[in-house]
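All remarks here apply to the structure that follows.
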Amino acid sequence: MKKMVRLFKNALLLLGVVTLATSCKKGSHPTAEEPGPTSTATGLEYNADDGFQVMDFKGQPDAPNMVFIEGGRFVMGSLEEDVMSSRDNVERTISIQSFYMDETEIANIHWLEYLFHVQKDSSEEFYQSALPDTNVWASELAFNDSYVDHYLRYPGFRFFPVVGISWVQANDYCTWRTLAVNKKLAEDAGIEIPEGEGRIPLETGAVLPNFRLPSEAEWEYAAKALIGTQYIDENQTNQRLYPWDGHALRNPYGKQMGTFLANFKRGRGDYAGIAGKLNDGALITAGIYDYPPNDFGLYNMAGNVNEWVYDVYRPLSFQDFDDLNPIRRNGYLDKASSYDNKSKNPANPNSLIDDDVRVYKGGSWKDVAYWLTPGTRRYLEQDSATATIGFRCAMIRAGGNK
């Protein structure tokens, strides 16, 4: 009898669990992935003949070479001594939405792929405008001729970061990459692209948001990777001077103990150390995977090459920015006419600041350690290029912060 009672109780318990699960499912709210068959606002049926079409969506597709950067709060600004006395990145707390960023710098092989498609599909004029300036390696007082001739195209340099790229060229690459990646995603999903239309409708859910240059705030947030210093609930053990812990530039752990964590200039005339035990292994740039990634999985967020970001440079951006997803697109609140630049004083300008100068960050193979700190910032005209500046792309995380 007791056994029957126990079996009856268990059956009731099981029935209750099933009922609860069923009721939860019936009462669950629609989501982006499961919007339901009808509109919660009108009751009209989705995907009916001549009705509103809601395409299947399984979440934002994976983007090639991209790493997810979970957004949050951080203290943006320079934690290093301000040796330039610029006071142009004073500490302040901001928040960043989640986004994606290339795990590596864009490499020579990626740019050669781009040139191949541009030459096939675009005008000769645009192809010429897309060519990197290989003369950035040239110097009257140095024998860098081999880099001028070989760095971009010789197979041995395939996975070295592309240089000689202006901010304008980097933006053009982002536009092309968006079209190229989304075209393949659409084809894989069996979506026909309308003749003569370059844009695949975002509503399909099969394609990605635009590739673009990261904002300065996004870049700095991703470089610091403070996710690696967190414990328990919103507590951090330390800030970071570099994209790794501590004040040292060498690896303090394991078999790699003592090796440098970035490719930079150790001192005057010292680019790599002594043969047989090179201090960073690279006289100029190094391979895009040659140094350990930070806690977000991003390679070379310090050293190797500086990287273009989207922002127009202003010395007081830190006090003008919004505190959520800050960016400076133009001279709003800080007009270029306020500076003694070439537009205002063509014969003898005393300032380079105008609406055509862009921020670059990260330090390079030719920079001392000071410039490796994520909070330091410099700027250059957007149509200029050097042997020390490259870039990587970013993309929003659409529809959520996780």
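The values are calculated or read from the model by the stated rules, or taken from the named source; none is laboratory data. Given the structure is predicted, the values throughout are model-derived calculations rather than measurements. In this analysis, Cβ positions are derived from the backbone assuming ideal geometry, glycine residues included, and neighbour counts consider all displayed protein chains.
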Note on Lys265: of the conditions (1) in a loop (DSSP other than H, G, I, E, B); (2) under 23 Å from the mean Cα position of the chain (by Cα); (3) among the charged types (D, E, K, R), unmet is (2)
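Could you list, in sequence order, the residues of segment 353-366 that are hydrophobic (A, V, I, L, M, F, W, C) and assigned to a strand (DSSP E or B)?
Selection gives Val357, Val359.
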Which pairs do you get when a residue that is over 16 Å from Ala302 (Cβ atoms) and at pLDDT 85 or above, found in segment 248-274, comes within reach of a residue that is of a type in the set (A, V, I, L, M, F, W, C) and not in a loop (DSSP other than H, G, I, E, B), reach meaning Cβ atoms under 8 angstrom, with the pair 6+ apart or on two chains? Ala272/Leu278
For segment 61-116, what are the residues that are of a type in the set (A, V, I, L, M, F, W, C), assigned to a loop (DSSP other than H, G, I, E, B) and surrounded by fewer than 17 Cβ atoms within 10 Å (Cβ to Cβ)? Leu79, Val83, Met84, Val90
Out of (1) buried (at least 16 other Cβ atoms within 10 Å of the Cβ); (2) without any contact (Cβ under 8 Å) to a residue 12 or more places away in the chain; (3) of a type in the set (Phe, Trp, Tyr), the one Trp176 does not meet is (2)
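When the residues of segment 284-297 are narrowed to those that are surrounded by 21 or more Cβ atoms within 10 Å (Cβ to Cβ) and in contact (Cβ under 8 Å) with a residue 60 or more places away in the chain, which ends up farthest from the chain's Cα centre (by Cα)?
First, the residues of segment 284-297 that are surrounded by 21 or more Cβ atoms within 10 Å (Cβ to Cβ): 284-286, 288, 291, 294, 296.
Now drop any that are not in contact (Cβ under 8 Å) with a residue 60 or more places away in the chain, which leaves 284-286, 288, 294, 296.
On the way: Ile284: 23, Thr285: 19, Ala286: 19, Ile288: 14, Asn294: 13, Phe296: 11 Å.
That would be Ile284.
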Quick one: count up the residues across segment 24-38 that are in contact with an Asp or Glu (Cβ under 8 Å, 6 or more places away or on another chain) and in a loop (DSSP other than H, G, I, E, B). 1
Search result, residues across segment 340-354 that are touching a helix residue (DSSP H, G or I) at 6+ places or on another chain (Cβ under 7 Å) and loosely packed, with under 14 Cβ neighbours inside 10 Å: Ser343
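Rundown of residues vs (1) under 26 Å from Pro209 (Cβ atoms); (2) part of a loop (DSSP other than H, G, I, E, B), yes/no style:
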{"site": "Phe318", "(1), (2)": "no, no"}
{"site": "Arg328", "(1), (2)": "yes, yes"}
{"site": "Gly331", "(1), (2)": "no, yes"}
{"site": "Ala347", "(1), (2)": "no, yes"}
{"site": "Ser351", "(1), (2)": "no, yes"}
{"site": "Tyr370", "(1), (2)": "no, no"}
{"site": "Gly375", "(1), (2)": "no, yes"}
{"site": "Ala385", "(1), (2)": "no, yes"}
{"site": "Met395", "(1), (2)": "yes, no"}
